[in-house]
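Heads up: the structure comes next, in structure tokens.
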Amino acid sequence: MNSGAFFRLLSPEHLYFSAALFALLTLLLVGMIYLFLYIKKRRFRVKKSITGQLNDWISEQMTMEEDGSFITLPDFAPHFKKKYVRQFITDNLINFKKSVAGHLSDSVVRLYEHSGLKKDSEARMKSLRWHLRSRGIYELYMMQQRESLSDILDYTNSNNEYVRMEAQTAIIGFDGFKGLIFLNDLHYPLYEWQQIKLLEQLDAFNSEEMPHLPSWLRSANSYVVQFALKLTEVYQQFRVHGEVVQCLGSDNQKIRNQAIKTLGSIAHEDTVFILRQQYFTETIANQLEILRQTGINGTEEDIEFLKGRLYEEDDSLKLEAGRAIVAITPGHIATLKHIAANDPIIHSIANQIKYELTS
Amino acid sequence: MGKVLLIEDDTLIQRAVASKLKKEGFEMVCCNDGKEGLEKLATELPDLVLTDVMLPYVSGLEIVNAVKSLTEKPIKVIVFSTMGQEKIVQEAFDLGADDYITKPFSLNELVIRVKKQLTR
């Protein structure tokens, strides 16, 4: 309605009609608010009653816990056909399962399976809408539904970031290190946050061999390579030293940076020499990382190289070189002071390192 | 066997823990939030407090602090935490918590810990 039509409605000849129209609209609005509040209140009551029933089920189940073989289904029947009710029960069971272990936790899974909630989760997982799909995966994983593993594995390479992340989390949750198999076919990004999450999840499992690690380090997906480098670093996979060195030739600065860190953690006698060769072709961030790793893994043979770095243009490189020299042999603080006599910047660096050593 | 004050906002967990401990012979007092927990603490004077760290209105840490500093009766405190809340657990210990249990926990393990605290 344009403004002209609106003002015509307010004119005296249309007054009755407009008053009736506004009254009708107001009534409609009030009716809608009432209906909305009524539905909300009804749902609240239903949820409250279901929570009560779940509470009773828990108490009852616990009295049967000793023989371990009973499961009683609460009578949700009057409301069970409603989707929101089933979702509410699923959410509550998942929350509860997160808090308890042992027999009661198994009983929760059985209740979920026997009352048909599992079918809902499976249907959600196959939904076309990504948020439902990722929710379905989460529910099946939380309820330990291993039969859905192969379907979930397909979603680890989904083009939707959230579905993909949920599926990867589920696969690792189910299978630990074996679940990393999804990296073989991953064509989409594996973001930093997800990498941290997966590493944290793996931490709960006993370390296992990763036979596909060399191929992940050669993957065409740069995210897979970065993650494989982190796995190599965390789980000290010395056998892939050669593949990690190959990563230093990558065009991707982040891969090279992670490769430098990883080499530092799986270093052997030639590693520092390799890193020193790499130094002259690197970005400042990666040069800093090389100096750090040289400080950790270097020997007296590397001191001359590091002394040379004290004359770099970039002050952060000078400082890191100074730190590396002292890290290799703390007595070299004297060498630094000697050099500092002719250079005020190195003098400040020497003081800074001395402060770091004493604090 | 002893009076236990349980402060947990998740009613399902509250019921599960309370049922289990009642079955073991403990007298249970339950509350849904920290504010109610503080009130019950003063009126019920339990032998042991079981509290979640994340609670509405008043946090589990404040509960621990209140138990250890405001009451004269020596009351034991066990804190419920979840994975990744190690810093909060450390804070709880600094405030005087006696033990903690990480979710998901077995109810049988919880009973053992409660009994251990109350027999000390």
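The values are calculated or read from the model by the stated rules, or taken from the named source; none is laboratory data. Computed from a prediction, not measured in an experiment: that's the story for all the values here. Heads up, the Cβs are rebuilt from the backbone with ideal geometry, glycines too, and the neighbour counts pull from every protein chain shown.
Before moving on, here are some points about what is shown:
- Of residues in the range A:103-113 being at pLDDT 85 or above and surrounded by fewer than 21 Cβ atoms within 10 Å (Cβ to Cβ), the one farthest from the other protein chains (Cβ to nearest Cβ): A:E113
- Test: residue in the range A:212-224 that is small (G, A, S) and outside any helix (DSSP H, G or I): yes
- Helices (runs of 4 or more DSSP H) contained in the range A:276-359 and holding at least 2 residues under 21 Å from A:A259 (Cβ atoms) and not basic (K, R): A:284-297, A:303-309, A:315-328
- Members of the range B:1-45 that are in contact with a Gly (Cβ under 8 Å, 6 or more places away or on another chain) and surrounded by 18 or more Cβ atoms within 10 Å (Cβ to Cβ): B:L5, B:I7, B:F26, B:C31, B:G34
- Whichever residue in the range B:1-25 is assigned to a helix (DSSP H, G or I) and of a type in the set (D, E, K, R) and, among such residues, is nearest to A:N95 (Cα to Cα): B:R15
- Check on A:R146, more than 16 Å from the chain's Cα centre (by Cα), within 22 Å of A:N95 (Cα to Cα) and not aliphatic (A, V, I, L, M): yes
- In the range A:83-101, residue farthest from the other protein chains (Cβ to nearest Cβ) [restricted to those that are without any contact (Cβ under 8 Å) to a residue 40 or more places away in the chain and exposed (fewer than 15 other Cβ atoms within 10 Å of the Cβ)]: A:K83
- Condition check for B:K115 on (1) over 14 Å from B:I7 (Cα atoms); (2) more than 14 Å from the chain's Cα centre (by Cα): one failure, at (2).
- A:K337, sole failed condition from (1) in contact with a Gly (Cβ under 8 Å, 6 or more places away or on another chain); (2) surrounded by fewer than 16 Cβ atoms within 10 Å (Cβ to Cβ); (3) among the basic types (K, R): (1)
- Top-ranked residue in the range A:60-82 [being within 11 Å of chain B (Cβ to nearest Cβ) and more than 16 Å from A:R110 (Cα to Cα); ranked as modelled with the highest pLDDT]: A:T63
- Qualifying position, being within 14 Å of chain A (Cβ to nearest Cβ), more than 17 Å from B:D99 (Cβ to Cβ) and part of a strand (DSSP E or B), among B:M54, B:M28: B:M28
- Sub-6 Å Cβ pairs linking a first residue in the range B:91-120 that is at positive phi to a second residue that is not in a strand (DSSP E or B) and not small (G, A, S), at least 6 apart or interchain, are B:G96/B:K68, ordered by first then second residue.
- Count of the range B:58-116 residues which are assigned to a strand (DSSP E or B) and within 13 Å of chain A (Cβ to nearest Cβ): 8
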